[in-house]
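Colleague: Quick one: structure below, then a few questions.
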Amino acid sequence: MIESDLNKCFQKRSVVIWLDPYQSFTAEYERFIQEKNLNRFVFEGSSLQLRHNIVKYSPNFEKPILIYIPGRVQDLSLLKEYFWLAEVFDDSIQDLLSKHYNIHLPLNDGERLQKKLLFVKTKWDILSEDLIENLNEETLEQFILNDHLSMDELDKKETVLRFMTDQTYYQTLKELENLHAFCQLANEYYGFHLNEQQSYEEIVEVIANALIKTELSLDAPDDIQYKETDPKIAHRREELFHLWSKHDFYRSHFEEWSKRLSDKYKQKIAVKDTEELYTIKGFPIIDEELWKRMEKQILTNDGINIDVLKSPTIDQLILIANARLTRATDEEFIQKWDALSQLLNFILELNKFKDYINQGSRFQDAERIVKEYIQQKWWAIDYHFRKAQELYNENNSLILSLIKYANGQYVHHFLKPLNTQFQQCLESTQDYSISGITHQRHFWRNYIKDSRGKTAVIFVDALRYEMGVELQHMIDEEWNIEIDTLLSSLPSITKVGMTALLPLSSSVLKWESEKGDYKIYTEDNIPMNTKSDRVHFLDNVLGNIGKVYNLENFYRLSEQEISDEINDKEKIIIYTNEIDATGENIEDSAVYLFPKLLKKIKIVTEKLLKSGIEKVVITADHGFLLTNGLEGWNEIRLSNEIETVRKSRRYAIATNKVKGDWIVKELSWSHHDGNLYQYYPLSNYYFTASGGAKFSHGGISVQELILPVLVVSAKVQQKEYIIDPRLEQEQSVLEELTKMDETLNVQEQIKSFLMEQGDNLSKREKFLLECFLDSSKWNENELIQRASSKGIKFKSVLVSEAMSDLIEMLKNQGKDWFKVEMINGTIYEYSIK
């Protein structure tokens, strides 16, 4: 309507003055000048300044000019000449309804009528033709809180929730004398028993209580009449509850009330069946009750009740843990449920491994062992054990008891039988190799040498196969991902493994004993004993076509900065050693580093692909063993006859060969050149030496030697997925967690940006960014409400314009953080990508 009327004005004159005394069309003005590519001329308190801007832009009025004057302005004498030259457009909402729809409303209702009409305007796109044609004073009153709500179920729910979470809305209803209509609607549709004599706090408590009682199936006597006469009441309340508890904007309010009212219903909750409780969102009291039941079921006076850790009981326990993982709102309980889920899934997978062994299956050779490790998902046992260690480190009796039990089961019933057979199969071979698996020393030749187009390689220190599968699932689905296996060099340590991955002229390394240690060299006698040695070697080999980076430094670059860096490069090499360095020096805390590292690798991989890299290849130098700590029975003392030059928990290098309860081989067996011997403890045993109590590597085991190779590229065909470490029934849970992780990552970047650039940002920009630290999604109205509560003014600029400018500014810096959508064709919604 407005656009057509303005176009008619411009057909008459090149200058149009838009008078808007009720400020009803601010958004329409901004949209019109943007679509018509007009300059912005808005009266903002100074006629002189506005006149100066117009004269400067078009002194002879040869260009089209739209002057917008919002509000009631007393003195416009300085703009008098423009009124003589211009076409004036001063239609109100009431005028437009009368002109275009023949709707005649009273002329003496003043500000109150304008508030109603402004509300109608915000809902215009969803009004039916019948409603518009029959709009009058009476139907307008009904529409404000009744008719418009019945058109869209979401509007009903959003209206009630807005009332609960925003007291200014309550004040507006009172000013419009519509609180009675709101209470009537809420009572008839949801059965809340509200009356307008109640205070705001009392009304909110009545609504919160009703919703919570319905969700917990704790019917109060005064609610029964509604359920008997209209069974839809309970369903409507349930829908309202779910929006209240899940929507980013309302969730914190729900969590506050669920905690406040938990104790009130504690006794009633305690007598309800587990099946009724575990699917309910929120309420720490439910998590407390279910956790007590878990402890009672799993723990006994003598330790663990083994019988409940078998199917089908364990399947039910996993179902409950997974359900609470996505429904609990208390962070401590979320962490506890996650740790419990990992431990129970670990036991479930280990039970399957035991069944496999008990069926009389035998490991014929190392190739078959690795094949079964992947196909039978035995790597999931390693995955779940690691995640349980990673997730929970507090003194909880159930978790600690299960970790202790799991560690014993893991060591004796998985690591020991698996790796005993694995070692025996390898020890009997003529040289160290496994048929069908690329040896690490051939990595560059097989994966990188003949690569076409820009290629990036990420060398990760200590990334075992199951972590590669987790990383595969973390990387966005828009990319094609293939995963393969690689056989680590021996000993499975950084110095040897990282060197083997490089583009050497010969795959054989020379070893020499020097000053109580050993040194390794290339065929050309180039030393390869430190990170600096390897980086220097790569720089020389790559020359001008490539460059070497540290992951931590590269992670901080924006996509634009990466594009600039790699513009003239064909090969990009990125290395990291956070896991290994932390594991060897801060042994008990190493496990907590894994999540952050994998997240960084994911982010860097996707940045590389978006910046023009055609293929990213990710692999590692070695894996590792992870247990709950050392025990005396599995330590081995090397004979004093052995002349060691280097000894660690999982390997030793010596100048002589002495047989014993260990594996001893010449260097040539593992494709090295030198007069030294390599020693390895049997199975998952350890040599008496300094080193990590939980985290160790260097030896011969599936976990230390079988590495992932991930090849990530632009998707050209349907991607084939390898099943994630979580069970198939956990898929939806993991997707939610992954999305949550991605959101948290952007929020961490926003925090860092605010700390680094805070002094360069305006008050509005800082406010808008800080909003997304509290919630991942906001629409214009929500931001305006939040701004009002914080004392932030958006008078001279629209929220949508401020957000647009902010998003553009961030994009120019390579920070593509936000997604913009239009709701109902009228309101912008902003969310973290």
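Colleague: Out of the range 348-362, which residues are open to solvent by 20 Å² or more (accessible area, probe 1.4 Å) and either assigned to a helix (DSSP H, G or I) or within 15 Å of residue 290 (Cβ to Cβ) (or both)?
Modeller: Within the range 348-362, 351, 352, 354, 355, 356, 357, 358 meet the criteria.
Colleague: Looking at the range 625-637 only, could you name the residues that are open to solvent by less than 50 Å² (accessible area, probe 1.4 Å) and either outside any loop (DSSP other than H, G, I, E, B) or in contact with a strand residue (DSSP E or B) (Cβ under 6 Å, 6 or more places away or on another chain) (or both)?
Modeller: Scanning the range 625-637 gives 625, 626, 634, 636.
Colleague: Select from the range 527-557 the residues that are in contact with a helix residue (DSSP H, G or I) (Cβ under 8 Å, 6 or more places away or on another chain) and among the hydrophobic types (A, V, I, L, M, F, W, C) and list them in ascending order.
Modeller: Listed by number, the residues that qualify are 528, 548, 551, 554, 557.
Colleague: Please return the ranges of helices (runs of 4 or more DSSP H) entirely within the range 728-833 where 1 or more residues are modelled with pLDDT of 85 or more.
Modeller: Fully inside the range 728-833 and qualifying: 731-757, 763-774, 799-812.
Colleague: Any residue in the range 503-512 that is within 16 Å of residue 670 (Cβ to Cβ), touching a helix residue (DSSP H, G or I) at 6+ places or on another chain (Cβ under 6 Å) and open to solvent by less than 30 Å² (accessible area, probe 1.4 Å)?
Modeller: yes
Colleague: If you don't mind, another one. How many residues, within the range 333-347, are without any contact (Cβ under 8 Å) to a residue 60 or more places away in the chain and open to solvent by 10 Å² or more (accessible area, probe 1.4 Å)?
Modeller: Residues in the range 333-347 being without any contact (Cβ under 8 Å) to a residue 60 or more places away in the chain and open to solvent by 10 Å² or more (accessible area, probe 1.4 Å): 4 in total.
Colleague: Okay, next question. Could you tell me which residue of the range 396-433 is least open to solvent (accessible area, probe 1.4 Å), considering only residues that are closer than 22 Å to residue 377 by Cβ and hydroxyl-bearing (Ser, Thr, Tyr)?
Modeller: Within the range 396-433, the match that is least open to solvent (accessible area, probe 1.4 Å) is 410.
Colleague: Kindly provide the set of residues from the range 23-57 that are outside any helix (DSSP H, G or I), of a type outside the set (D, E, K, R) and either surrounded by fewer than 18 Cβ atoms within 10 Å (Cβ to Cβ) or at pLDDT 80 or above (or both), ordered by number.
Modeller: Within the range 23-57, 23, 25, 37, 38, 39, 41, 42, 43, 45, 46 qualify.
Colleague: I've got another one for you. Closer than 22 Å to residue 515 by Cβ and under 44 Å from the mean Cα position of the chain (by Cα): is that true of residue 648 in this structure?
Modeller: yes
Colleague: Could you list, in sequence order, all residues of the range 434-448 that are open to solvent by less than 10 Å² (accessible area, probe 1.4 Å) and within 18 Å of residue 545 (Cβ to Cβ)?
Modeller: If the condition is that a residue be open to solvent by less than 10 Å² (accessible area, probe 1.4 Å) and within 18 Å of residue 545 (Cβ to Cβ), then 448 is the only one that fits.
Colleague: May I ask you to say which residue of 318, 334 is within 28 Å of residue 264 (Cβ to Cβ), aliphatic (A, V, I, L, M) and modelled with pLDDT under 95?
Modeller: 334
Colleague: Further question on the same structure: State whether one or more residues within the range 161-175 are open to solvent by 70 Å² or more (accessible area, probe 1.4 Å), under 19 Å from residue 237 (Cα atoms), modelled with pLDDT of 60 or more and within 42 Å of the chain's Cα centre (by Cα).
Modeller: yes
Colleague: Residues in the range 555-562: is at least one open to solvent by 70 Å² or more (accessible area, probe 1.4 Å), in a helix (DSSP H, G or I) and modelled with pLDDT under 95?
Modeller: Yes: the range 555-562 contains one or more residues that are open to solvent by 70 Å² or more (accessible area, probe 1.4 Å), in a helix (DSSP H, G or I) and modelled with pLDDT under 95.
Colleague: Something else now. I'd like to check something: does the range 263-270 contain any residue that is under 30 Å from the mean Cα position of the chain (by Cα) and either of a type in the set (Asp, Glu) or modelled with pLDDT under 80 (or both)?
Modeller: no
Colleague: Take the conditions among the small types (Gly, Ala, Ser), open to solvent by 50 Å² or more (accessible area, probe 1.4 Å) and at negative phi and apply them to residue 451. Does it pass?
Modeller: no
Colleague: Just name the residue that is farthest from the chain's Cα centre (by Cα) out of those in the range 744-763 that are touching a residue at least 24 places away in the same chain (Cβ under 8 Å) and within 19 Å of residue 831 (Cβ to Cβ).
Modeller: 753
Colleague: Please indicate, with yes or no, whether at least one residue in the range 437-460 is out of contact with any Phe, Trp or Tyr (no Cβ under 8 Å at 6 or more places or on another chain) and farther than 27 Å from residue 539 by Cβ.
Modeller: Yes, the range 437-460 has at least one match.
Colleague: Given the conditions (1) of a type in the set (D, E, K, R); (2) at pLDDT 90 or above; (3) closer than 18 Å to residue 493 by Cα, which single one is not true for residue 569?
Modeller: So the condition that residue 569 fails would be (3).
Colleague: Follow-up. Restricting attention to the range 304-348, and to residues there that are hydroxyl-bearing (Ser, Thr, Tyr) and over 17 Å from residue 275 (Cβ atoms), which single residue is nearest to the chain's Cα centre (by Cα)?
Modeller: For the range 304-348, the residue satisfying everything is 329.
Colleague: Moving to a separate point now. I'd like the residue in the range 246-305 that is assigned to a helix (DSSP H, G or I) and among the hydroxyl-bearing types (Ser, Thr, Tyr) and, out of all such residues, is most open to solvent (accessible area, probe 1.4 Å).
Modeller: 252
Colleague: Separate question: Given 524, 476, which one is assigned to a loop (DSSP other than H, G, I, E, B), touching a helix residue (DSSP H, G or I) at 6+ places or on another chain (Cβ under 7 Å) and open to solvent by 40 Å² or more (accessible area, probe 1.4 Å)?
Modeller: When all the criteria are applied, what remains is 476.
Colleague: List the number of the failed condition for residue 311; all other conditions in (1) surrounded by fewer than 15 Cβ atoms within 10 Å (Cβ to Cβ); (2) part of a helix (DSSP H, G or I) hold.
Modeller: Condition not satisfied by residue 311: (2).
Colleague: Confirm whether residue 455 is among the hydroxyl-bearing types (Ser, Thr, Tyr) and under 27 Å from residue 598 (Cα atoms).
Modeller: yes
Colleague: Consider residue 450 carefully, then state whether it is among the charged types (D, E, K, R), at pLDDT below 95 and within 26 Å of residue 380 (Cα to Cα).
Modeller: no
The values are calculated or read from the model by the stated rules, or taken from the named source; none is laboratory data. In this text, all values refer to a predicted model and were calculated from it rather than measured experimentally. We place every Cβ from the backbone using ideal geometry, glycine too, and count neighbours over all the protein chains shown. Ligands, DNA and RNA are excluded from the accessible area calculation, which covers all protein heavy atoms including side chains. Shrake-Rupley method; radii C 1.70, N 1.55, O 1.52, S 1.80 Å.
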